[in-house]
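Here is the structure we will look at, set down as structure tokens.
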Amino acid sequence: MGRQQQPTLNSPDKSAIAYYLATSDISNAAGVISKVNKNNLEVKLLGLPANILNSYGVNSLLCLSSDDSRDSPRLQIKSKEGLLAKAQLLDTTTANLAREGDFVQESLRIFKRDIGLTLGLDDELERIERVAATSAIANIKVVDSTVVLGEQNADCLLGKVHQENSATENGENQTFSYGLYTAGGILIGKTSGSDDEAVKIAIDRLQPHFNNLLAAKWLELTNNEFSSRLKTEVSLASGVESKTSVLNKTTF
């Protein structure tokens, strides 16, 4: 989530520290079947990234097998609340193949057509600033809603950008502008404005950035590298004569 997140270990048993497994040792899945009632199933979608899970639509398809063949039994999501989804087997003759504890993988991912941005309002903003921001955002089509930081998930945050070396004797910042931050509290480049600008002016100025952030959100929602059943490997190297490996990706 960024620099604001400070994970700590709170356990008297020091041997409880988690360790990372090599990717080749991980059983990859989008979720696990937690309950079976004939062809009606309950699935915990523990393997989906949080941003994808928040926008996951009904009628998305999962398959019971790692083999993405046409004969692989498929589950269709009928409803979802948090991590828990209610699903139904499309072919009732395969009901006996589904068991509790079985992993499922994605076969078809469905989203609504009108997914927009959710803008978080930093709790440092005064009430009058939050009201002005909410009013200004109402005229921007790509932003679905505004939420107070900490109450709901947000794609980005509107907050104050305090100027360096502008502190008064009592430690309070004298001047600031408004800018956009990531959900983890990292300032997004080139989003801060001039000192002491009005919130409405800042919102108008930030409209192109909202468009870019929505495009990036949609792009991230298509990320499905962990659901591929193709055995492929991609390598990125720098240099011409003596190539240096920069990045290596392998499907599971």
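The values are calculated or read from the model by the stated rules, or taken from the named source; none is laboratory data. It should be emphasised that the depicted structure is a prediction, and the values quoted were computed from it without experimental measurement. Glycine gets a Cβ as well: all are built from the backbone with ideal geometry, and neighbour counts include every protein chain shown.
With (1) modelled with pLDDT of 95 or more; (2) under 20 Å from Thr222 (Cα atoms) as the list, and Lys86 as the residue in question, which single condition is left unmet?
Against the list (1) modelled with pLDDT of 95 or more; (2) under 20 Å from Thr222 (Cα atoms), Lys86 comes up short only on (2).
If you scan the range 89-101, which residues turn out to be among the acidic types (Asp, Glu) and either at pLDDT 90 or above or part of a strand (DSSP E or B) (or both)?
To start, the set of residues in the range 89-101 that are among the acidic types (Asp, Glu) comprises 91, 100.
Within the range 89-101, just Glu100 meets the criteria.
Only one of these is assigned by TED's automatic domain parsing to the domain that holds Ala50 and within 25 Å of the chain's Cα centre (by Cα): Val147, Val142, Val104. Name it. Break it down stepwise before answering.
Values: Val147 fails: assigned by TED's automatic domain parsing to the domain that holds Ala50; Val142 fails: assigned by TED's automatic domain parsing to the domain that holds Ala50.
The conditions single out Val104.
Under 7 Å between Cβ atoms, at least 6 apart or on separate chains: pull out the pairs that start in the range 102-129 with a residue that is in a loop (DSSP other than H, G, I, E, B) and end on any residue that is buried (at least 18 other Cβ atoms within 10 Å of the Cβ) and of a type in the set (Val, Ile, Thr).
Listed pairs, sorted by first residue: Asp102/Ile33; Gly116/Val143.
Going by the structure shown, is Lys44 among the charged types (D, E, K, R), under 24 Å from the mean Cα position of the chain (by Cα) and at pLDDT 75 or above?
yes
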